[in-house]
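> Okay, handing you the structure first.
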Amino acid sequence: MTATVDLMVRAEGVRKRFGDTEVLKGVDAMVSRGEVFCLIGASGSGKSTFLRCINHLETIDSGRLLVDGRYVGYEERDGSLFEVGERELAARRAEIGMVFQRFNLFPHLTALENVTRAPVMLGRMKRAEAIETARVLLARVGLADRADHYPSELSGGQQQRVAIARALAMAPKLMLFDEPTSALDPELVGEVLSVMKDLAREGRTMVVVTHEIGFARDVADTLAFMDGGQIVECGPPDRMIREPSHPRTAAFLSRVR
Ligand code: ADP
Ligand code: MG
């Protein structure tokens, strides 16, 4: 019972198909509260799809997927499951912060406005409070002096840090990162990973899809390798990187290192 309560994400046999293609073929994963869970795997193996399922952007075909003890897309009443409506879905989505490969900032809004937008629009905060919070968050990601800049006036690394501050503004209970540094010039990767390291140190629950094996080794509590729509191996990063038990993991690691 307690074990279940402490889980932020619990996936059992999660399957998802698009047309004739089954993309997730029975994914099993558990992410505890406060855990940093890094997910690696070749392009097309289903990593982004799995994140989108966790974030209520896709519905699963079969299996079980729970976030914070609740079935994604369903609510339990009198022991039965009922599909939730759009309002409830949106509310649950708002509890999860997502940072994508592309920064997805609103180009016509300043860094500060990008961060204040969601909490104000969703009625979480009054404008003044949202601005105050945004300034704190921008300072936390090292951008106190960039608050009034537009995305086009910021480097890719700075834009991605704004995107992280924007996600944090909703006080998410879970943060999902989908290859947050893949679109960045190499010299800008470090500043984003360093912000993510700080978040991990604060004890945030994070699921991070990444090719940065060094980051995974230093920061992850659990490293998982996805291949062909399944997590074929998962465990402590040190062990898995040193002596992967699955030949596909070994092959993948030798390619990305
Ligand atoms: P990864 O993030 O590991 O690269 P994805 O989850 O993006 O993998 O994609 C896995 C597979 O699912 C790919 O073959 C991709 O083309 C397919 N796919 C993803 N989303 C869709 C979609 N909405 N419709 C059809 N196919 C999709
Ligand atoms: Mg992807």
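> Which one is nearest to the chain's Cα centre (by Cα) among residues in segment 94-116 that are over 25 Å from S182 (Cβ atoms) and crowded, with 17+ Cβ neighbours inside 10 Å?
Only one residue tops the list, namely T116.
> Let me ask something else. What's the number of the condition I213 fails, among (1) open to solvent by less than 30 Å² (accessible area, probe 1.4 Å); (2) over 23 Å from R102 (Cβ atoms)?
Here I213 meets the rest and fails (2).
> Filter segment 29-46 for residues that are within 13 Å of ligand 1 (Cβ to nearest atom) and open to solvent by 60 Å² or more (accessible area, probe 1.4 Å); which is farthest from V209 (Cα to Cα)? So that I can check it myself, show each step before the final result.
Going residue by residue through segment 29-46, those that are within 13 Å of ligand 1 (Cβ to nearest atom) are 39-46.
Narrowing further to those that are open to solvent by 60 Å² or more (accessible area, probe 1.4 Å): 43-44.
Numbers: S43: 11, G44: 13 Å.
Ranking the candidates gives G44 first.
> I need a count of the residues in segment 43-64 that are within 10 Å of ligand 2 (Cβ to nearest atom), in contact (Cβ under 8 Å) with a residue 60 or more places away in the chain and in a loop (DSSP other than H, G, I, E, B).
Final tally of qualifying residues: 2.
> Could you tell me whether segment 223-231 includes any residue that is polar (S, T, N, Q), open to solvent by 70 Å² or more (accessible area, probe 1.4 Å) and more than 10 Å from G41 (Cβ to Cβ)?
Initial filter on segment 223-231 (polar (S, T, N, Q)): 230.
Within this subset, residues satisfying the condition of being open to solvent by 70 Å² or more (accessible area, probe 1.4 Å) are 230.
Now narrow it down to the ones that are more than 10 Å from G41 (Cβ to Cβ): none.
There is no residue in segment 223-231 that is polar (S, T, N, Q), open to solvent by 70 Å² or more (accessible area, probe 1.4 Å) and more than 10 Å from G41 (Cβ to Cβ).
> Filtering segment 153-207 down to residues that are within 13 Å of the chain's Cα centre (by Cα), away from ligand 2 (no atom under 16 Å from the Cβ) and assigned to a loop (DSSP other than H, G, I, E, B), which residue is surrounded by the most Cβ atoms within 10 Å (Cβ to Cβ)?
Result: T205.
> Same structure, new question: Scan segment 219-244 and report the pairs whose first residue is under 16 Å from K25 (Cβ atoms) and within 15 Å of ligand 2 (Cβ to nearest atom) and whose second residue is in a helix (DSSP H, G or I) and open to solvent by 70 Å² or more (accessible area, probe 1.4 Å), with Cβ atoms within less than 6 Å and a gap of 6+ or a chain change.
D227/R248
> Report whether or not E83 is in contact (Cβ under 8 Å) with a residue 12 or more places away in the chain and surrounded by fewer than 20 Cβ atoms within 10 Å (Cβ to Cβ). Walk me through it before giving the result.
Details: in contact (Cβ under 8 Å) with a residue 12 or more places away in the chain: no; surrounded by fewer than 20 Cβ atoms within 10 Å (Cβ to Cβ): yes.
Against the criterion (in contact (Cβ under 8 Å) with a residue 12 or more places away in the chain and surrounded by fewer than 20 Cβ atoms within 10 Å (Cβ to Cβ)), E83 does not qualify.
> Mind telling me which of the residues T205, T249 ends up being among the polar types (S, T, N, Q), closer than 20 Å to D28 by Cα and in contact (Cβ under 8 Å) with a residue 60 or more places away in the chain? Outline the logic, then answer.
Details: T249 fails: in contact (Cβ under 8 Å) with a residue 60 or more places away in the chain.
Just a single option satisfies the conditions, and that option is T205.
Here is a yes/no grid of residues against (1) more than 16 Å from ligand 2 (Cβ to nearest atom); (2) assigned to a loop (DSSP other than H, G, I, E, B); (3) hydrophobic (A, V, I, L, M, F, W, C); (4) surrounded by 14 or more Cβ atoms within 10 Å (Cβ to Cβ):
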{"site": "L66", "(1), (2), (3), (4)": "yes, no, yes, yes"}
{"site": "E88", "(1), (2), (3), (4)": "yes, no, no, yes"}
{"site": "R92", "(1), (2), (3), (4)": "yes, no, no, yes"}
{"site": "P119", "(1), (2), (3), (4)": "yes, no, no, yes"}
{"site": "I131", "(1), (2), (3), (4)": "yes, no, yes, yes"}
{"site": "L138", "(1), (2), (3), (4)": "yes, no, yes, yes"}
{"site": "G142", "(1), (2), (3), (4)": "yes, yes, no, yes"}
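> Out of all the residues in segment 6-28, is one or more open to solvent by less than 10 Å² (accessible area, probe 1.4 Å), under 17 Å from the mean Cα position of the chain (by Cα), within 16 Å of ligand 2 (Cβ to nearest atom) and of a type in the set (A, V, I, L, M)? Don't jump to the end; show me each part of the working.
Start the filter on segment 6-28 by keeping residues that are open to solvent by less than 10 Å² (accessible area, probe 1.4 Å), which leaves 8-9, 11, 14, 24, 27.
When the remaining residues are screened for being under 17 Å from the mean Cα position of the chain (by Cα), the result is 8-9, 11, 27.
When the remaining residues are screened for being within 16 Å of ligand 2 (Cβ to nearest atom), the result is 27.
Narrowing further to those that are of a type in the set (A, V, I, L, M): 27.
Looking for residues that are open to solvent by less than 10 Å² (accessible area, probe 1.4 Å), under 17 Å from the mean Cα position of the chain (by Cα), within 16 Å of ligand 2 (Cβ to nearest atom) and of a type in the set (A, V, I, L, M), one finds at least one in segment 6-28, hence yes.
The values are calculated or read from the model by the stated rules, or taken from the named source; none is laboratory data. This one's a predicted model, so the numbers in the text were calculated from it and none came from an experiment. For neighbour counting, all protein chains shown are included, and Cβ atoms are generated from backbone atoms with ideal geometry for every residue, glycine included. Side chains included, ligands, DNA and RNA excluded: accessible areas come from the protein's heavy atoms. Shrake-Rupley method; radii C 1.70, N 1.55, O 1.52, S 1.80 Å.
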